[in-house]
1. Out of the residues in region 141-159 that are small (Gly, Ala, Ser) and modelled with pLDDT under 90, which is surrounded by the fewest Cβ atoms within 10 Å (Cβ to Cβ)?
2. Taking the residues in region 161-186 that are loosely packed, with under 13 Cβ neighbours inside 10 Å and assigned to a strand (DSSP E or B) as candidates, determine which candidate is modelled with the lowest pLDDT.
3. What residue, among those in region 103-131 that are open to solvent by 70 Å² or more (accessible area, probe 1.4 Å) and of a type in the set (Gly, Ala, Ser), is farthest from Val178 (Cα to Cα)?
4. It is to be established whether one or more residues within region 42-62 are surrounded by 13 or more Cβ atoms within 10 Å (Cβ to Cβ) and either without any contact (Cβ under 8 Å) to a residue 12 or more places away in the chain or within 16 Å of Leu114 (Cβ to Cβ) (or both).
5. Report, by residue number, each residue of region 90-119 that is part of a loop (DSSP other than H, G, I, E, B) and either at pLDDT below 90 or under 22 Å from Gly76 (Cβ atoms) (or both).
6. Please state which one of Ala34, Ala5 is modelled with pLDDT of 85 or more and exposed (fewer than 11 other Cβ atoms within 10 Å of the Cβ).
7. Which ones in region 81-92 are farther than 15 Å from Ile150 by Cβ and either open to solvent by 20 Å² or more (accessible area, probe 1.4 Å) or touching a Gly at 6+ places or on another chain (Cβ under 6 Å) (or both)?
8. How many residues are in contact (Cβ under 8 Å) with a residue 40 or more places away in the chain, out of contact with any Asp or Glu (no Cβ under 9 Å at 6 or more places or on another chain) and of a type outside the set (Gly, Ala, Ser) if we restrict to region 100-113?
Amino acid sequence: MMPAAREFAAPRPARTRARSRRAPSEPQPRPPPAPPLRRRLALDPLHAIGAFALACVAASALFMHARGTREATAQGLTLRVAHPERMRFRDMERVTLDVQNTAGEPCRAAALTLDEAYLDSFEEHHATPAEAAFGRFELGDLAPGERRRIDIELRGERSWLASGNATLSCGGERGVNVPLRTFIFP
C-alpha cells in the first residue's frame, strides 16, 4: 500500500501576525552620530618586543644569501671562485670554481684543492666533476687558454663561520690561492 501524498508533505508553519509597516512617506529616524574617538596604538611591552623581534627576522632575510666572487692570477693560472658569503643553516648553495691556463705553455697535472676545514663545516657536498680525494680535484693537463669549471653544492650544517682556501697547482707546484669565507646563519 502506498502512503498518501499528505504524509510526504512538511507541516505548515504556524501563522504569526505581521506588524503593520509604516507608510513609505514617513521619514525614518536617523541614529545619533558616533562620538569622535582619538585613535592610538596601545601595545603591551611584551607585544612590542615581539613585534620588534619579528621585524628583525624579516629584515635579516634581505641580508641572507649574499654571493661573492674572487679572482686570483699567478704563474699563468687564473682561479675565479663564486661562493656564498652568507647562507642559512641547512640550505643548499653552490660554489663555482673556474680554472684557466693563461700562460703560453701547457700546464701538466693541474689540481685544485679545497681546505678540509672549509668543507667540514658543511653537512654534505656534491661536486661536478667528482673529487679524486676529499676536497681534491684532478684536472689533468691544461692547454694554453683552456678553461675548466667545477661546481660544488653545499648544505650548511654548523652555524658560524666556515673558512678555508682554494688552491690551484700545476705540476705539483703551488700556483694560485683564493680565500673562502662563508657565514652560516642558524
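The values are calculated or read from the model by the stated rules, or taken from the named source; none is laboratory data. Computed from a prediction, not measured in an experiment: that's the story for all the values here. Methodologically, a virtual Cβ is constructed for each residue, glycine included, from the backbone with ideal geometry; neighbour enumeration extends over all protein chains shown. Accessible surface areas use protein heavy atoms only, side chains included; no ligands, DNA or RNA. Shrake-Rupley method; radii C 1.70, N 1.55, O 1.52, S 1.80 Å.
1. Looking at the filtered set, the residue picked out is Ser159.
2. Only one residue fits best here, namely Arg174.
3. Within region 103-131, the match that is farthest from Val178 (Cα to Cα) is Gly104.
4. Checked region 42-62: no residue is surrounded by 13 or more Cβ atoms within 10 Å (Cβ to Cβ) and either without any contact (Cβ under 8 Å) to a residue 12 or more places away in the chain or within 16 Å of Leu114 (Cβ to Cβ) (or both).
5. Answer for region 90-119, where residues must be part of a loop (DSSP other than H, G, I, E, B) and either at pLDDT below 90 or under 22 Å from Gly76 (Cβ atoms) (or both): Arg90, Asp91, Thr102, Ala103, Gly104, Glu105, Pro106.
6. Ala34
7. If we filter region 81-92 for residues that are farther than 15 Å from Ile150 by Cβ, which is where we start, we get 84-92.
The answer is Glu85, Arg86, Met87, Arg88, Phe89, Arg90, Asp91, Met92.
8. 2
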